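See below for the structure under consideration.
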Amino acid sequence: MTAVAKTCLNAYGVAGTVLKRSPLLPNICYPQLKRRVSSKTPFDINDSDDKYKELNDYYRDLFTNDNVNTTLGATSKINIKTEIDLLNDELANLTDTAVPPHKLPLRSEDLQRVVETPGRFVIKSRSNDPYFNLALEHYIFKNTPLFEQSIFSSQRLLFYVNNKCAVIGKNQTIWQELYLNELNKRGYEVLRRLSGGGAVIHDLGNVNYSFLTSREEFRTTFFNQLIVQWLNKQGHIQDFELNGRGDILYKKMKCGGSAFKIARGKSYHHGTMLVNSDIDSFHGLLKPSGQKGVRWVSPSVDSVRAGVTNIPLGSTEQFIDICTDGFQKYFKSADSIPVYYCNDTVSTNSEIEKTRALLRSDKWKYCSGPKFKVELDSSHDVIEVEKGIVVSSTIPNIKGMDFQRLIDTGSNEAQLQCLKPLM
């Protein structure tokens, strides 16, 4: 806003901005622009006093009569009106580009209120930060209310799209699943989920969805079966089905994966859907199931490798809209199911940030998986690791070392050659 325009506002009250509460979101403030034009002079001077007549005429003309010009006020009046016009243009532009009130992100206190209040809803994250989105998912799951003596009616559905990253399950061995050096070279973040499941690659063409319900109502195939029905009803696309594992297939090819969490009487089904991902760029990031020259002995959950494909929709938003509409119709009740939005600035809180920090930590990523033993065919060496630390090895001088640091650097060339199959 221009300095003169601010002066006009302060001196004359010609225009102003007020805060008004949205009728759709009672506890969310948003800016509404309102123009105020006054027909009164700022103060009153006795017309009979010639000493102030010229000044009085100037102010009266300035605010009431565009056709009368005075010697004192002509130039100033034109300049001020010009600045006011500029100000009005600014306000009009702000109004035209403003986010609709119902799509404004929830503030942290509003997010808390919405999540802790019984009832169904949909939340769409506007953040592409995978750490925030997984922390948000955990926050909603943890804080959804559960009343043991009543029928569960607080099903929730969350959507988010992540920047490029690799995500492994809580109970997986990260070195068994991912080519970490290659992911680092290509700029991918690496995360360990708080739920189970296998390793997946995300980019901006992949939608993540989480369906939350009670433990009693939990079925691994329930929500994916609904998605198959909703997609097959689109008319221009069909050929969707579930395989024996409950994964969604499009024309017999896998187009997403699933992971699950059950705790505290609640459950959620976390799923992914490939819409317009750059699948070719995923090659060389996930390790094959039977890696040559390496044998893993571990209770780690194995990922199931399969050919994947995008589904024929124009955008990730189209898939989200289809599922949102389907969810609202399937769980319809006397009250409509609201859709909320959030982001990683105004919607976050201390609990979300604490989980976000955990997910970012090397301790969680590398040291929280199951213990394992790895056998290297090339050197016939064996390494045993617990909580990310080497506890036993036939390779000299590496016991007690951080396993990830060992793979990254090694203490000598011989060690690096032995460990090369693990990189």
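The values are calculated or read from the model by the stated rules, or taken from the named source; none is laboratory data. Since the model is a prediction, treat every value here as computed from it, not as a measurement. Backbone-built Cβ (ideal geometry, glycine too); neighbour counts: all protein chains shown. Accessible surface is based on the protein model in full, side chains and every heavy atom, while ligands, DNA and RNA are left aside. Shrake-Rupley method; radii C 1.70, N 1.55, O 1.52, S 1.80 Å.
Given the Cα-Cα distance of D325 and D408 and 0.36 nm per residue of separation, how much length would full extension add, in nm? Numbers along the way, then the final one.
On the way: separation 83, 0.36 × 83 = 29.88 nm, distance 4.76 nm.
So the extension gain works out to 25.1 nm.
FRET efficiency for the pair E351 and Q238, taken as 1/(1 + (r/R0)^6) with r the Cβ-Cβ distance and R0 = 35 Å, rounds to 0.25. Multiplying the residue separation of V294 and K142 by 0.36 nm and removing their Cα-Cα distance gives an extension gain of 50.8 nm.
Full-extension gain between F260 and K373, please, as 0.36 nm times their residue separation minus the C-alpha to C-alpha distance. Walk me through the intermediate numbers first.
On the way: separation 113, 0.36 × 113 = 40.68 nm, distance 2.65 nm.
Extending this stretch completely gives an extra 38.0 nm.
Legend: residue pairs K233/K261; K185/K287; K363/K387; K170/K365; K373/K420, Cα-Cα distance threshold 18 Å; pairs beyond threshold, K233/K261. With a cut-off of 10 Å between beta carbons, the residues surrounding Q172 carry a summed charge of +1, where Lys and Arg count +1 and Asp and Glu -1. Using Cβ point charges alone (K and R +1, D and E -1), the dipole size of region 96-168 about the Cα centre works out to roughly 160 debye. Label E116 and D335 with points 7 Å out from Cα along Cα→Cβ: what is the distance between them in nm? Result for the modelled spin labels: 1.7 nm. Taking all protein chains as they are arranged and a probe of 1.4 Å, the heavy atoms of H283 leave approximately 120 Å² accessible to solvent.
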